[in-house]
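Encoded as structure tokens, the structure appears first; notes follow it.
The values are calculated or read from the model by the stated rules, or taken from the named source; none is laboratory data. These numbers were taken from a predicted model, which means no experiment stands behind them. Don't worry about glycine lacking a Cβ; one is built from the backbone with ideal geometry, like all the others, and counts go over all protein chains shown. To get the accessible areas, we keep the full protein, side chains included, count just its heavy atoms, and leave off ligands, DNA and RNA. Shrake-Rupley method; radii C 1.70, N 1.55, O 1.52, S 1.80 Å.
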Amino acid sequence: EVRRLVLGDGPMRKAWERYAADLRLGTEVSFRGYVGDEEKVRLLNGSSVLVFPSTVEGFVLVVLEAFACGKPVVASDVEPLTDLVQEGLNGYLADPGDPREWGRKIADLLLHPARAEEMGRNGRAMVRSKYSVASSVDGLVEMYRAVRAGRS
């Protein structure tokens with residue numbers, strides 16, 4: 001009863017589609033490509049978990065968006081994902097080369113919805129405390145104060 005939805009038109013999309021076809025996954029995996037912000041939020045809100053296997057990313061906005069929607073994240077155990085996903089607190093980190101580990105961690109969240117919900121709440125709290133407009137403004141004000149104090 002698990003539906004898998006892959007969003008985005010990144011450079012690996014065609015390879016992943018071929019891989020899914022080779023495994024004869026048929027309708028078990030749906031590739032949607034690019035979706036707008038409203039649709040992305042709707043899909044995140046309707047999901048149980050965000051799975052983010054990428055190993056080469058800059059700032060990972062979609063992880064913060066999932067947290068803002070109260071969803072736990074299973075992500076690759078690489079930077080900068082390790083700066084956002086805190087193992088067991090707001091999601092899980094998995095070895096990019098170990099599909100069994102990914103499966104165990106995703107299954108844990110699907111089989112234990114209360115745990116997943118708690119991790120989602122923790123992720124949302126982290127976004128509110130570190131990435132809200134108010135916290136960004138506070139950080140900017142502190143930076144200006146430090147610069148000004150250094151010049152005095």
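Considering each residue of the stretch 116-143, count those that are at pLDDT 75 or above and open to solvent by 70 Å² or more (accessible area, probe 1.4 Å), and give that number. So the answer is 10. Condition first: open to solvent by 40 Å² or more (accessible area, probe 1.4 Å), out of contact with any strand residue (DSSP E or B) (no Cβ under 7 Å at 6 or more places or on another chain), closer than 17 Å to residue 44 by Cα and not hydroxyl-bearing (Ser, Thr, Tyr). Can you find one or more residues in the stretch 68-91 that meet it? Within the stretch 68-91, one or more residues are open to solvent by 40 Å² or more (accessible area, probe 1.4 Å), out of contact with any strand residue (DSSP E or B) (no Cβ under 7 Å at 6 or more places or on another chain), closer than 17 Å to residue 44 by Cα and not hydroxyl-bearing (Ser, Thr, Tyr).
I'm checking my understanding of the structure. Among residues of the stretch 30-50 that are in a strand (DSSP E or B) and of a type in the set (A, V, I, L, M, F, W, C), which one is nearest to the chain's Cα centre (by Cα)? Per the criteria, the residue is 50.
The number of residues in the stretch 33-57 being farther than 24 Å from residue 98 by Cα and surrounded by 13 or more Cβ atoms within 10 Å (Cβ to Cβ) comes to 6. Out of the stretch 83-106, which residues are over 20 Å from residue 118 (Cα atoms) and among the acidic types (Asp, Glu)? Scanning the stretch 83-106 gives 95, 98, 101. Quickly run through the stretch 96-115 and pick out the residues that are in a loop (DSSP other than H, G, I, E, B) and loosely packed, with under 13 Cβ neighbours inside 10 Å. Scanning the stretch 96-115 gives 97, 98, 112. Within the stretch 86-107, residues that are under 19 Å from residue 67 (Cα atoms) and without any contact (Cβ under 8 Å) to a residue 12 or more places away in the chain reach partners that are open to solvent by 40 Å² or more (accessible area, probe 1.4 Å) and among the acidic types (Asp, Glu) with beta carbons closer than 9 Å, at six or more positions or on different chains, in the pairs 87/77.
Entry remark, the stretch 51-64: residues being of a type in the set (Ser, Thr, Tyr) and either without any contact (Cβ under 8 Å) to a residue 12 or more places away in the chain or in a strand (DSSP E or B) (or both) number 0 in total.
Looking at this structure, is residue 78 part of a helix (DSSP H, G or I) and either on the phi < 0 side of the Ramachandran plot or in contact with a Cys (Cβ under 6 Å, 6 or more places away or on another chain) (or both)? Considered against the rule, which asks whether it is part of a helix (DSSP H, G or I) and either on the phi < 0 side of the Ramachandran plot or in contact with a Cys (Cβ under 6 Å, 6 or more places away or on another chain) (or both), residue 78 comes out as no. Being at pLDDT below 95 and crowded, with 17+ Cβ neighbours inside 10 Å is a description that applies to residue 60.
Contact map, the stretch 130-141: first residue part of a helix (DSSP H, G or I), second residue at pLDDT 70 or above and open to solvent by less than 80 Å² (accessible area, probe 1.4 Å), Cβ cut-off under 7 Å, separation 6 or more or different chains; pairs are 131/64; 135/129. Selection over the stretch 1-32 of residues that are under 28 Å from residue 113 (Cα atoms) and loosely packed, with under 11 Cβ neighbours inside 10 Å gives a count of 4.
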